[in-house]
Amino acid sequence: MSNELVNSPAVRETAVPVVSPRRMAFNRFVSHKAAVVSVFVLAILVVFVALSPLTARYGVNQSVQAPPNSFLPPRANAWLGTDDIGRDLYSRLIYGVRVSLIIGLFSAIISVLIGCVVGAVAGFRGGRFDDVVMRVTDLFLAFPFLVTLLVMRNMLGAISWLTPIIGKVSSVRFIIVLFSIFGWMGVARIVRGQVLALKEREFIEAARAVGATRRYIVRRHLLPNSIGPIMVALTFSVVSAIIGESTLAFFGYGPQAGDGATSLGILVGQAKGAVNTGFWWLALFPCLTLVTIALTINFIGDALRDATDPRMQKDG
Amino acid sequence: MSTSVLQVRDLKVTFATPLGPLVAVRGVDLDVSAGEMTAVVGESGSGKSVSFLAAMGLLPKSATIEGSVVLDGHQLVGASPKLMRSVRGRLMSMIFQDPLSALNPVHRIGAQIAEMLRAHQTMSERAARARAVELLEIVGIPQPGDRALQYPHEFSGGMRQRVVIAMAIANSPKLLIADEPTTALDVTVQAQILEVIQKVQAQFGTAVVLITHDLGVVARVCERVNVMYAGRVVERAAIHDIFDAPTHPYTRGLLASLPQAGVERLVPIAGFPPNMLRPPSGCAFRTRCAHAIDACGAGVPELRPQGESMTACIRSGELTVSA
Amino acid sequence: MLRFVIRRLAWAVPTLFLVTFLVYIALRIGTNPVESYKRINPRATPAKIQQYIDKNGLDPNYVRGYFRWLVNFVTLDWPRSIKGSREVWPQLKDALANTLRLGAAASVVGIFFGLMLGVYAALRPGGRRDVGVNTAAFVGISIPPYVSAILLQLLFAVYWSRWFGSTLFPTSGVYPPGHTGFNLLLMLKHMVLPVTVVAIQIIAVYARYMRSSLLDVLSSEYMRTARSKGISERRVLFKHGLRNALIPVVTIAALDVGSIVGGLIITENIFSYPGMGKYFLSSFGEGDFPLLMPWMVIIVASVLLFNLLADVSYAWLDPRIRLE
């Protein structure tokens, strides 16, 4: 008898489509217009940069024309003007953004990998390990960023037996390592917080009741349910790495791969000198690019955070 | 006929949701007389809490409220915020299911009760604190003078609920709405809390609306019962009539599903609760009712007298009454 | 409560030693103090070099060296700078004063307006002003301080004088070059731009913190209880809402303020403001160990102190924490 009722026309008439959590999160993300616009802008930028040999008009170290070629304002053969030795800012900007994006992406990925492991273990096991990790990261993160950055940079660079592994001080590899060392701590804290919140939930208790090992629980239950905050942490790591790189470059510690290679940070760093001399294009365009990248990634991260917020999901 | 404290007529509450308008309360009629304990029984989603949150004016702005709610002569639907503020806590109070989250974690409980007192009576802070201690004693908190200085997290669940009750009756309201006050508590504590509510009712002459899904609780303390389903009251009767001679198939289903000693198999109500975004036309229960006929889908049935009770089933007269 | 504070203090003291020890190691490895000394003073005799090593605790054994340095530091027998043997404290004192002024002004302005904006936005979530504030705050945190510093400099230094002939807000230094003595108006004028730059970031960050914390609190059950008491909406907002919403914000503020002493390096650099930042950059660049260590100690002490303060204020504001 109950089967008949379940399929009766009256019941079918009242059915409402079921929406999966993934779909709901996607819908919530998409409702953030700024984030959607950011995705497009960022995508265009990334494509542009990825196709760099094609999209750039000149080589990264190539002069636009024969001298006089320095400090030319934007014009037909140099869309964004030229720098002190006549190189096209537009092309250098493309190559520079590529380097910075690589630094940002790789250091963020490594940070997230390390941070997830440490954070999950700390949150799940608790106890002494958790205490120590918390205090250490607390302290590290409480110090002025630039001071720790510069001191760490010098220290790592001076330890000679590390150099073969992490590269020379001015290499892209070194900078990626440097930011990874910073980045994992923030991620670990986020993941730890999430694990702590999930640890007490019934489905974890249920998993334990059927004899699941700790590693299984972490791998199969805790981490997948933390995807939201992890993705958010990833995006913010990218931004902080990119901005951090430009901060380093500002002081002349940026990636110097020689033969004219540049990064977004280096280009922004040169903005300071350009201000006093009135060569506004050397300041404006790199700064604008940096801000745009930071803004778009931040918008996306923020929308991701809203979309995956567990608070929203418990629709009371 | 004793004086009526609360009269609800044709109360409708609609929520604006991303999936469309959701009518959570679809026309509720209710009466509460002075000093009596009335139960409002129903499943989750039946609209029982929402109805009274609407009466209190505690629903979010996305809710539209229509109909009439008269409390002690004041019309509450569409009332000004000023009127609502003067009514809340003075003429009518509400206590909620989870006493831990209902109390502000950073204020001492004595201060929280004192706040309630001073909101509606002119009293010095000291007098209010003293009165708060008295109220704590009434609800059975030992060493009330010391405990008034403590924070909510220092109390056990049952104690906390007593504190919440003390706070709610601080200004001797005419009506106390208790929304699932015992659901979050242990069974032994449940009985204690019900006793406290009864004591308070006797001492202050407060009418009580007990919202619950637990018929066992109802049987202990209530005089009249309103059964709600899918946003409407489907049966209203005196406590004995509800248990001895239920007139609505839903009520009968509820009673039949109660675990009984000696009965081995539980008898659930077939089917699922309706989705309030698209409730069935006509009688909302017909999708689960063994006695449904075509006429049941024709129009939403109104409450009609059936013996001593009121019922919203068009076939109530024909169906045999089972004990 | 007192026990809580004492326990935290007990933690802080060994941490102070441990961290300064780590800093000591990092600086020795990273800046190579002895080589720096030799580089700046190429004609120094071996005796002088040894004296430098002794006074600064630069023994080959790190632990012994650290203790030697510690003893000298604590007895206020500070070694002099490697450049021209200047005294450390006068320089440090001035730098500290300048930065404290800048940091305090920017923090007060920033946190105050940030919190107000956050409350303003949270009161009507999703509405136009909420979106407006949120977006503005967003843009604020996405623009690194030195970008806004450079743009402001561009605007006020270069173009303003080009358009209007004179500079409205100076863009460098504490006083105009060559000025002596104390002049409040001049000092304030010089502080306007740097404070603005720092305050923008602070306002943006705190507006978002406050907004999110307040939104969290506003949807709590006890807010509903508070309303059901029939008290005024203002009281509900302040005594219940804000009181709870401020807890996490105050904690974060305490931590932030702690790092401000060393956190203005870029802004100071761009505006040629002679504060702790400039002090650090020049001494770090030279590898001037005697100048650097006291600077580091101030930073470490400040961070630990405010960490402690953050913990204490959190416990004071939230009684649930105290019983741990």
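The values are calculated or read from the model by the stated rules, or taken from the named source; none is laboratory data. The structure presented is a predicted model; accordingly, all values stated were derived computationally and were not measured. With ideal geometry, Cβ positions are generated from the backbone for all residues, glycine too; neighbour counts draw on all protein chains shown.
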Scan the strands (runs of 3 or more DSSP E) fully inside segment B:210-323 and keep the ones with 2 or more residues being in contact (Cβ under 8 Å) with a residue 40 or more places away in the chain.
B:224-229, B:232-238, B:309-311
Of the listed residues (A:80, A:105, A:93, A:101), the one being touching a helix residue (DSSP H, G or I) at 6+ places or on another chain (Cβ under 8 Å), part of a loop (DSSP other than H, G, I, E, B) and away from chain C (no Cβ under 14 Å) is A:80
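Table: residues versus (1) modelled with pLDDT under 90; (2) out of contact with any helix residue (DSSP H, G or I) (no Cβ under 7 Å at 6 or more places or on another chain); (3) more than 17 Å from residue B:288 (Cα to Cα); (4) among the hydroxyl-bearing types (Ser, Thr, Tyr).
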{"residue": "B:211", "(1), (2), (3), (4)": "no, no, yes, no"}
{"residue": "B:216", "(1), (2), (3), (4)": "yes, yes, yes, no"}
{"residue": "B:228", "(1), (2), (3), (4)": "no, no, no, no"}
{"residue": "B:234", "(1), (2), (3), (4)": "no, no, no, no"}
Can you name every residue in segment C:1-58 that is within 30 Å of residue A:138 (Cβ to Cβ) and basic (Lys, Arg)?
C:3, C:7, C:8, C:28
Just one of B:65, B:138 is touching a residue at least 40 places away in the same chain (Cβ under 8 Å), more than 14 Å from chain C (Cβ to nearest Cβ) and in contact with a strand residue (DSSP E or B) (Cβ under 9 Å, 6 or more places away or on another chain); which is it?
B:65
What is the one condition in (1) under 30 Å from residue C:100 (Cβ atoms); (2) without any contact (Cβ under 8 Å) to a residue 12 or more places away in the chain that residue C:204 does not satisfy?
(2)
Going by the conditions given, is residue B:230 buried (at least 21 other Cβ atoms within 10 Å of the Cβ) and in contact with a Leu (Cβ under 8 Å, 6 or more places away or on another chain)?
no
Being over 33 Å from the mean Cα position of the chain (by Cα), in a helix (DSSP H, G or I), at pLDDT 85 or above and under 17 Å from residue C:287 (Cα atoms) is true for just one of C:25, C:49. Which residue is that?
C:49
Do we have any residue at all in segment A:113-129 that's of a type in the set (A, V, I, L, M) and within 14 Å of chain C (Cβ to nearest Cβ)?
no
Which residues, counting only those in segment A:146-172, are facing another protein chain (nearest Cβ under 7 Å) and not small (Gly, Ala, Ser)?
A:146, A:147, A:150, A:151, A:154, A:155, A:159
Determine if segment A:37-54 includes at least one residue that is small (Gly, Ala, Ser), touching a residue at least 12 places away in the same chain (Cβ under 8 Å), surrounded by 14 or more Cβ atoms within 10 Å (Cβ to Cβ) and under 29 Å from residue A:279 (Cβ atoms).
yes
Could you tell me whether any residue of segment C:10-20 is small (Gly, Ala, Ser), out of contact with any Gly (no Cβ under 9 Å at 6 or more places or on another chain) and either over 19 Å from residue C:292 (Cα atoms) or not in a loop (DSSP other than H, G, I, E, B) (or both)?
yes
Tell me whether segment A:257-275 contains one or more residues that are within 14 Å of another protein chain (Cβ to nearest Cβ), under 17 Å from the mean Cα position of the chain (by Cα) and closer than 27 Å to residue C:139 by Cβ.
yes
Taking residue B:283 as the residue in question, decide whether it is over 25 Å from the mean Cα position of the chain (by Cα) and either modelled with pLDDT of 85 or more or closer than 17 Å to residue B:47 by Cα (or both).
no
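This table checks each residue for (1) over 23 Å from the mean Cα position of the chain (by Cα); (2) among the basic types (Lys, Arg); (3) modelled with pLDDT under 85; (4) surrounded by fewer than 17 Cβ atoms within 10 Å (Cβ to Cβ).
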site	(1), (2), (3), (4)
A:76	yes, no, yes, yes
A:83	yes, no, yes, no
A:90	yes, no, no, no
A:94	no, no, no, no
A:107	no, no, no, no
A:118	no, no, no, no
A:128	yes, yes, no, yes
A:149	no, no, no, no
A:153	no, yes, no, no
From C:89, C:78, which residue is under 25 Å from the mean Cα position of the chain (by Cα), in a loop (DSSP other than H, G, I, E, B) and either at pLDDT 90 or above or aromatic (Phe, Trp, Tyr) (or both)?
C:78
Could you go through segment C:226-241 and let me know if any residue there is buried (at least 23 other Cβ atoms within 10 Å of the Cβ), under 27 Å from residue C:93 (Cα atoms), in contact with a Leu (Cβ under 9 Å, 6 or more places away or on another chain) and facing another protein chain (nearest Cβ under 7 Å).
no
Quick check on segment B:117-128. Is at least one of its residues surrounded by 18 or more Cβ atoms within 10 Å (Cβ to Cβ) and at the interface with another protein chain (Cβ under 7 Å from one of its Cβ atoms)?
yes
Run down B:195, B:180 and say which single residue is under 28 Å from residue B:15 (Cβ atoms), acidic (Asp, Glu), at pLDDT 90 or above and out of contact with any helix residue (DSSP H, G or I) (no Cβ under 7 Å at 6 or more places or on another chain).
B:180
So residue C:258 ticks every box in (1) closer than 27 Å to residue C:78 by Cβ; (2) surrounded by fewer than 18 Cβ atoms within 10 Å (Cβ to Cβ); (3) touching a residue at least 40 places away in the same chain (Cβ under 8 Å) but one. Which box is left unticked?
(2)
What about residue C:217, is it touching a residue at least 40 places away in the same chain (Cβ under 8 Å) and in a helix (DSSP H, G or I)?
no
Given (1) crowded, with 16+ Cβ neighbours inside 10 Å; (2) out of contact with any strand residue (DSSP E or B) (no Cβ under 6 Å at 6 or more places or on another chain); (3) over 30 Å from residue B:172 (Cα atoms), number of the condition residue B:312 does not satisfy:
(2)
Assess whether residue C:309 counts as being surrounded by 17 or more Cβ atoms within 10 Å (Cβ to Cβ), in contact with a helix residue (DSSP H, G or I) (Cβ under 6 Å, 6 or more places away or on another chain) and either more than 14 Å from chain B (Cβ to nearest Cβ) or among the hydroxyl-bearing types (Ser, Thr, Tyr) (or both).
yes
Within segment C:261-295, tally of residues that are within 8 Å of another protein chain (Cβ to nearest Cβ) and either in a loop (DSSP other than H, G, I, E, B) or under 18 Å from residue C:22 (Cβ atoms) (or both):
5
Within segment A:287-310, restricting attention to residues that are more than 9 Å from chain C (Cβ to nearest Cβ) and either farther than 23 Å from residue A:36 by Cα or acidic (Asp, Glu) (or both), which residue is surrounded by the fewest Cβ atoms within 10 Å (Cβ to Cβ)?
A:309
What's the total number of residues in segment C:116-143 that are more than 22 Å from the chain's Cα centre (by Cα) and of a type in the set (S, T, N, Q)?
2
